[in-house]
């Protein structure tokens, strides 16, 4: 459903508030190994906040929650929520991905867990089961985003919180210049979703948009450089290593966090919406 590294894995790496060393008193950025940079940057954007148990800033996870992650990829969000004792359900089109996540959930802290191989149209889940629904970097892949969104709404309880992301159109415009043609062919990205279009899609599905924000300048540049390197995902290359070192140095400057926030807004990799399902059917 999505590229292998779209969602950094919160289980495998430390974030700024855990195990990463003491923070610099001037910048607030902790010491960390550069190999953790992608997740550290995600944490600074609001992902995987261990101290407050928020899978993303404003989306709190507790043992009372039922979390469904549709297009779960490597399972970073699912495993973060499992660590909080939530009931978790992982859905992805890739059977190998699901098999790996299922094995990792066996010894997790989740009070219950399930996994499904599905293209999400329809979802193999009952109506109104989830208090939290996550769908990250999926809608740009599917034939009919409105039908997938309808399924996401169907499985949420009244009042459920939704965490939805798609690539930002500016990032995708850059990819048109640097990525191979296959990037915009099935099973990869088959549409570019504009910012207001994304919000309108979510509203048309019956959800209330609470926040729309943007993040991932670091990852956007990483992908542009990745195509230039000609390596496989997971392989090292001096260009990518040097980009990581440069971005770490930027973050550790006195105005590093301010610059990151401005660049995340100007040229993000992804756009993110936090939405809520109404307590009552607004169509009645």
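A short reminder: the numbers here are calculations on the coordinates, not readings from a lab. The structure displayed is predicted, hence computed values, not measured ones. Note: ideal-geometry Cβ built from the backbone for every residue, glycine included; neighbour counts use all protein chains shown.
The figures follow:
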| item | result |
| --- | --- |
| Cα-based helix-to-principal-axis angle, 256-266 vs the chain, degrees rounded to 10 | 50 degrees |
| Taking the chain and dividing mean pair separation by its residue count, relative contact order in percent (alpha carbons under 8 Å, at least six apart) | 18 percent |
| Degrees between helix 145-155 axis and first principal axis of the chain (Cα, 0 to 90, nearest 10) | 70 degrees |
| Candidates 161, 190, 134: whichever shows maximal mean-square fluctuation once the chain is modelled as a Gaussian network with Cα springs under 10 Å | 190 |
| Dmax and Rg, reported as Rg then Dmax, of the range 26-156 (C-alpha, Å) | 15.3, 50 |
| Acute angle (nearest 10 degrees) that the helix 169-178 long axis makes with the longest principal axis of the chain, alpha-carbon atoms | 60 degrees |
| GNM flexibility winner over the chain from 108, 136, 182 (Cα, springs under 10 Å) | 182 |
| Listed values [x] 31, 23, 17; [y] 43, 28, 14; [z] 29, 22, 19, entry calculated as semi-axes √(5λ) of the Cα gyration tensor in Å | [z] |
| Candidates 133, 117, 78: whichever shows maximal mean-square fluctuation once the chain is modelled as a Gaussian network with Cα springs under 10 Å | 117 |
| Calculated FRET value between residue 241 and residue 96, using beta carbons and R₀ = 25 Å, to 0.05 | 0.35 |
